[in-house]
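To keep things clear, I will list the structure first and then write my remarks on it.
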Amino acid sequence: MGYRKYRRKTKFMTGTATGTLTITKKGFGFVVTGNENERDIFVSRGSLNGAMHGDTVEVEVSTGSIFGFSTNGEVTKILRRANKDIVGTFEQIGKQAFVVPGDRRMGDLVSIQKSEQKGALDGDWVSVRIMKYPESGQAAEGKVTEIISRAGAPGGDIKALVRLRGLVEAFPKKAEAEARAVAQKAVDATGRVDLRGETTFTIDGEDAKDLDDAVSIEKNDKGNFLLGVHIADVSSYVAENGALDREALKRGTSVYLIDQVVPMLPKALSNGACSLNRGEDRLTLSVDMEITPEGETASYSIYESVIRTCERMVYSDVSDMLENEDASLIKRYSGIYNEILMMGELAGILKARRDERGSIDFDLDESHIRLDSFGKAESIGVAERRTANRLIEEFMLAANETVAEHFFHIGVPFVYRVHEKPAAEKMREFKTFIKNFGLSLKGSTGNIHPRSLNMLLKSIEGKPYENVVNTVMLRSMQKAFYSTDCRGHFGLGLKYYCHFTSPIRRYPDLMIHRIIKESLAGPVEPQRLNALDAKAAVAAEASSISEKKAQELEREVEKMKKAEYMLDHVGEAFEGVVSGVTQYGLYVQLPNTVEGMVRAGSLGNDHFEYEPDKYRLVGVSTKKAFSLGDKLDIVVKSADVAERTVDFAVKEQW
């Protein structure tokens with residue numbers, strides 16, 4: 001946490017106060033009272049008196065400067081403990097054993113008696129139940145309840161990080177039993193449109209196992225495309241309010257961590273009964289769209305169906321056929337090659353249509369990390385986003401928009417995907433920034449149209465500063481979230497949008513599948529509508545929170561593996577691009593997507609001042625400037641896997 005947050009509050013206090021204790025990685029903390037008009041109270045390491053991160057505490061407050069903070073306190077009473085369990089590494093030193101918390105905010109050590117070690121060995125990642133909380137001068141005491149991963153076991157570091165963030169891969173016994181039971185049921189096609197004789201196939205990544213969308217295509221006599229998007233009917237397997245449903249809502253989303261997954265649903269469903277595996281009968285919800293050569297949706301239908309996919313295609317093969325006309329692949333997939341060509345044609349039409357309406361298409365580099373058999377990062381590069389990837393994106397966007405608009409107009413409770421327009425202040429800052437490149441942005445900053453932003457991105461394609469402008473624009477955007485209110489999607493330039501196409505891995509999709517099926521069956525009773533409205537609101541709020549946590553964990557795992565990879569490259573020189581500028585230094589991104597920091601103090605024999613409006617650091621004496629987007633030769637100075645950081649030095653200063 002930055003100090004500035006705590007120094008901006010204005011009202012001073014004396015006497016006692018209560019609040020939540022937040023401890024920093026450096027060991028000191030702050031008590032947050034919850035009153036926005038009061039300063040958070042600084043608590044030095046020596047004044048914690050056994051309190052831990054997250055505890056509700058009472059503090060004796062005093063004024064007077066300590067480390068620059070004028071409102072200070074000492075913990076006098078612990079009102080409520082926040083943590084019963086801690087994840088960390090087991091360490092044996094002679095006859096003494098300790099667990100070092102993986103989250104440094106949780107304190108230094110937890111002492112473990114021999115009878116409470118549960119077979120843990122030095123270096124193992126373990127979960128510990130606290131039996132005695134720390135007292136002044138004495139460590140906490142606990143017992144090992146689970147060995148998460150043995151020392152050096154492949155993937156153990158990722159598993160530990162998952163647990164550190166409060167996630168668990170294993171499902172409760174009731175949820176697992178429920179999943180196994182429903183997975184064994186025979187597919188019942190009664191009352192569904194039978195599409196098992198249609199040419200339907202999936203297109204996914206090579207490693208994907210939870211296949212929740214399939215596609216089909218043909219042309220009618222009018223020359224219009226008939227696109228079918230068929231989505232796994234997970235709601236037929238996950239009973240509302242059951243143990244499985246409650247656990248899915250709690251998780252909110254599947255979390256993908258390089259070569260590991262923390263799934264929203266047990267594998268019996270996610271990889272089994274619900275996955276649209278080749279040659280197997282599967283229950284689906286289908287959206288058929290008749291799309292003109294101009295990209296307009298002339299008609300559509302939404303219905304329950306049963307399909308049997310004829311092929312399990314991968315992005316690379318489909319891309320090679322469309323991009324390179326790979327003869328061997330065309331021969332191998334001759335039975336569906338005409339459909340693939342039609343899909344490529346339609347995807348291009350839909351993309352052009354999106355561009356026309358102003359949909360923003362950020363094309364930022366994403367990381368592709370490959371691990372060796374020991375779970376160590378052996379290569380890092382830019383993930384491919386080829387023709388087939390974009391093709392499926394276009395088809396899913398079309399289905400999501402169609403479903404959202406339909407259910408908005410019939411007025412039933414729903415969960416929408418919302419992306420609000422950028423704040424005027426953010427757009428003013430962005431306009432100021434792009435002036436450095438001689439660029440301008442059409443329209444009012446208070447009511448910018450996505451078309452203006454998309455036109456700007458198109459105008460800089462291939463330019464040296466393209467990625468930088470993309471990055472800053474993205475940072476200027478609002479975060480998308482789920483809501484029961486249909487407020488549109490600014491980035492896509494859409495009035496109606498939802499997430500319908502991934503019910504195996506996203507709870508909002510599962511929630512609206514239930515609503516869709518009830519609506520298709522006939523008018524929904526008012527009492528049931530009220531219940532669905534309440535459930536949709538809960539799903540929207542919980543899923544927005546879960547999504548944020550999942551994204552944070554995915555970034556942490558990436559940063560950990562990047563730091564691990566760069567440990568083998570300390571002392572080596574690379575050319576990078578300045579990807580971020582702060583008062584503390586520069587972030588520099590390498591071509592392989594690894595990002596590290598060059599500390600301001602190591603930039604040269606000068607004092608560098610931060611100019612936030614120009615995204616740069618400028619030397620007071622030399623006037624030398626380091627700006628966002630500058631190319632910079634760096635040397636890898638160090639890497640810290642535990643902290644998930646990489647430090648660079650400017651090559652000429654090395």
Requested in this report: Spot the failing condition for E393; the list is (1) under 19 Å from the mean Cα position of the chain (by Cα); (2) crowded, with 24+ Cβ neighbours inside 10 Å, and only one is missed.
Outcome: (2)
Query raised in the report: Within the stretch 315-346, can you find the residues that are open to solvent by less than 20 Å² (accessible area, probe 1.4 Å) and not in a helix (DSSP H, G or I)?
Result: Y333, I336
Report task. Return yes or no: is L439 assigned to a helix (DSSP H, G or I) and open to solvent by 20 Å² or more (accessible area, probe 1.4 Å)? Result -> no
Report task. Within the stretch 494-508, work out how many residues are closer than 29 Å to L211 by Cβ and either open to solvent by 20 Å² or more (accessible area, probe 1.4 Å) or free of Cβ contacts under 8 Å to residues at least 24 places away in the same chain (or both). Result -> 4
Query raised in the report: In this structure, is T71 modelled with pLDDT of 90 or more, part of a strand (DSSP E or B) and either under 25 Å from F30 (Cβ atoms) or in contact with a helix residue (DSSP H, G or I) (Cβ under 8 Å, 6 or more places away or on another chain) (or both)?
Result: no
Report task. Check F408, F362, F414 and return the single one that is surrounded by fewer than 21 Cβ atoms within 10 Å (Cβ to Cβ), in contact (Cβ under 8 Å) with a residue 40 or more places away in the chain and not in a helix (DSSP H, G or I). Result -> F362
**Report entry** Extreme residue, nearest to A573 (Cα to Cα), among residues of the stretch 606-626 that are open to solvent by less than 80 Å² (accessible area, probe 1.4 Å) and at pLDDT below 90
**Finding:** Y615
Report summary line: Being assigned to a strand (DSSP E or B), open to solvent by less than 70 Å² (accessible area, probe 1.4 Å), in contact with an Asp or Glu (Cβ under 8 Å, 6 or more places away or on another chain) and at pLDDT below 95 narrows V581, V577, V635 down to just V577
Query raised in the report: For the stretch 103-116, does any single residue satisfy the condition of being touching a strand residue (DSSP E or B) at 6+ places or on another chain (Cβ under 6 Å), open to solvent by less than 20 Å² (accessible area, probe 1.4 Å) and assigned to a strand (DSSP E or B)?
Result: yes
Query raised in the report: Hey, among the residues in the stretch 274-314 that are part of a loop (DSSP other than H, G, I, E, B), open to solvent by less than 30 Å² (accessible area, probe 1.4 Å) and not aliphatic (A, V, I, L, M), which one's nearest to D188 (Cα to Cα)?
Result: C274
Requested in this report: Can you run down the residue pairs with Cβ atoms below 6 Å, 6 or more apart or on separate chains, where the first is in the stretch 579-595 and aromatic (F, W, Y) and the partner is outside any strand (DSSP E or B)?
Outcome: Y584/A600
Requested in this report: Can you confirm whether the stretch 553-565 contains a residue that is at pLDDT 95 or above, hydrophobic (A, V, I, L, M, F, W, C), within 27 Å of N436 (Cβ to Cβ) and surrounded by 13 or more Cβ atoms within 10 Å (Cβ to Cβ)?
Outcome: no
Report task. Within the stretch 117-143, track down each residue that is crowded, with 20+ Cβ neighbours inside 10 Å and at pLDDT below 90. Result -> P134
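The values are calculated or read from the model by the stated rules, or taken from the named source; none is laboratory data. Small disclaimer: the values here were computed from a predicted structure and weren't measured. For neighbour counting, all protein chains shown are included, and Cβ atoms are generated from backbone atoms with ideal geometry for every residue, glycine included. Just the protein is used for accessible areas: all its heavy atoms, side chains included, with ligands, DNA and RNA removed. Shrake-Rupley method; radii C 1.70, N 1.55, O 1.52, S 1.80 Å.
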